[in-house]
1. What number goes with the only condition from (1) at pLDDT 75 or above; (2) loosely packed, with under 12 Cβ neighbours inside 10 Å; (3) outside any helix (DSSP H, G or I) that residue 71 does not pass?
2. Residues of the range 1-57 being surrounded by fewer than 19 Cβ atoms within 10 Å (Cβ to Cβ), under 10 Å from the mean Cα position of the chain (by Cα) and assigned to a loop (DSSP other than H, G, I, E, B), which ones?
3. Considering only the range 25-57, how many residues are in contact with a strand residue (DSSP E or B) (Cβ under 7 Å, 6 or more places away or on another chain) and modelled with pLDDT under 85?
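The values are calculated or read from the model by the stated rules, or taken from the named source; none is laboratory data. Just so it is clear, the model here is predicted, and its values are computed rather than measured. Ideal geometry is used to build each Cβ from the backbone, glycine not excepted, and the neighbour counts take in all protein chains shown.
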């Protein structure tokens, strides 16, 4: 999932906490949250607020974020259930 942050003018610590929670929830579902096209202010708050390291990696374009999403090295491979 890609968050296009180009029109986000401001984030605060509460928003960073919510993004961290979203990233964790998506991670448990084997989906990576990528941030693309953020402004310097958003990037600075993400770093200063101690967001998840995977949220601090920002892509210059949505296309670059999508391309980087396959495969995600942070997401373990899906374990297929054993046949019954």
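1. (1)
2. Selection gives 1, 31, 52, 57.
3. Number of matching residues: 3.
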